[in-house]
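The values are calculated or read from the model by the stated rules, or taken from the named source; none is laboratory data. Keep in mind the model is a prediction, meaning the values are calculated, not measured. Backbone-built Cβ (ideal geometry, glycine too); neighbour counts: all protein chains shown.
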Amino acid sequence: MFGLLALITASVFFGAAIYINVAEQPARLVLDDRSALTEWRPAYRRGFEMQASLAVVSGLLGAAAWWQTGSSLWGLGAAVIILNWPYTLLVVMPVNRRLEAARPEEAGDETRALLTRWGKLHAGRSALGAIATAIYLIAALRGL
């Protein structure tokens with residue numbers, strides 16, 4: 001049961017992450033610089049809360065499945081989904097800080113470049129979610 005719940009939460013994480021990359025970010029970049037920055041702030045805060053929680057829950061469930069079954073695939077999936085935390089803190093967060101410090105009324109080319117870079121870095125979170133989901137799926141199929 002832990003493994004299936006880990007798979008579900010990783011899948012939801014991946015779905016949310018890829019939605020940001022294929023729908024929300026392109027729509028944001030159509031806006032003018034000021035509006036794009038203004039939209040990014042609350043969207044990022046809400047998305048972070050949801051995705052951070054999903055990564056932790058999925059990682060804990062994957063670790064529980066590893067402990068319960070002894071299958072290292074569950075542990076590997078747990079490690080990959082948890083990698084979103086250090087990736088976000090070390091790679092994405094410096095861009096976030098600059099975007100959070102930017103003043104919307106002064107938004108311009110630098111803001112646009114930061115938002116574009118943020119979207120590319122966020123794709124790394126989507127990739128980690130996809131990889132964890134695939135690993136969990138393989139583990140689940142092997143357990144059947």
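List of remarks:
- Residue within the stretch 123-144 that is within 11 Å of the chain's Cα centre (by Cα), without any contact (Cβ under 8 Å) to a residue 40 or more places away in the chain and under 24 Å from L54 (Cα atoms) present: yes
- Only one of S71, S35 that is among the small types (G, A, S), within 12 Å of L115 (Cα to Cα) and more than 14 Å from the chain's Cα centre (by Cα): S35
- Of the criteria (1) surrounded by 17 or more Cβ atoms within 10 Å (Cβ to Cβ); (2) modelled with pLDDT of 95 or more, which one Y44 fails: (2)
- The one condition in (1) surrounded by 12 or more Cβ atoms within 10 Å (Cβ to Cβ); (2) at pLDDT below 95 that D109 fails to fulfil: (1)
- Every pair of residues 6+ apart whose Cβ atoms lie under 6 Å, when the first sits in the stretch 38-58 and is more than 15 Å from E24 (Cα to Cα) while the second is surrounded by 15 or more Cβ atoms within 10 Å (Cβ to Cβ) and β-branched (V, I, T): L54/T9; L54/V12; A55/I81; V57/T9; S58/T9; S58/I81
A quick yes/no check of all residues on (1) of a type outside the set (K, R); (2) more than 30 Å from L137 (Cα to Cα); (3) over 19 Å from the mean Cα position of the chain (by Cα):
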site: F2; (1), (2), (3): yes, no, yes
site: V12; (1), (2), (3): yes, no, no
site: N21; (1), (2), (3): yes, no, no
site: Y44; (1), (2), (3): yes, no, no
site: I82; (1), (2), (3): yes, no, no
site: E100; (1), (2), (3): yes, yes, no
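- Residues within the stretch 16-41 that are surrounded by fewer than 14 Cβ atoms within 10 Å (Cβ to Cβ) and polar (S, T, N, Q), tallied: 1
- Scanning the stretch 48-69 for residues that are crowded, with 18+ Cβ neighbours inside 10 Å and either touching an Asp or Glu at 6+ places or on another chain (Cβ under 6 Å) or over 13 Å from N84 (Cα atoms) (or both) yields a total of 5.
- Selection from the stretch 104-144 of residues that are among the small types (G, A, S) and in a loop (DSSP other than H, G, I, E, B): A107, G108
- When residues of the stretch 77-95 are limited to those that are among the hydrophobic types (A, V, I, L, M, F, W, C) and either touching a Pro at 6+ places or on another chain (Cβ under 6 Å) or touching a residue at least 60 places away in the same chain (Cβ under 8 Å) (or both), the one nearest to W40 (Cα to Cα): I81
- Any hit, the stretch 96-103, residues being outside any helix (DSSP H, G or I), surrounded by fewer than 15 Cβ atoms within 10 Å (Cβ to Cβ) and without any contact (Cβ under 8 Å) to a residue 60 or more places away in the chain: yes
- S72 fulfils the conditions (1) among the hydroxyl-bearing types (S, T, Y); (2) in contact (Cβ under 8 Å) with a residue 24 or more places away in the chain; (3) surrounded by fewer than 17 Cβ atoms within 10 Å (Cβ to Cβ) except for a single criterion, (2).
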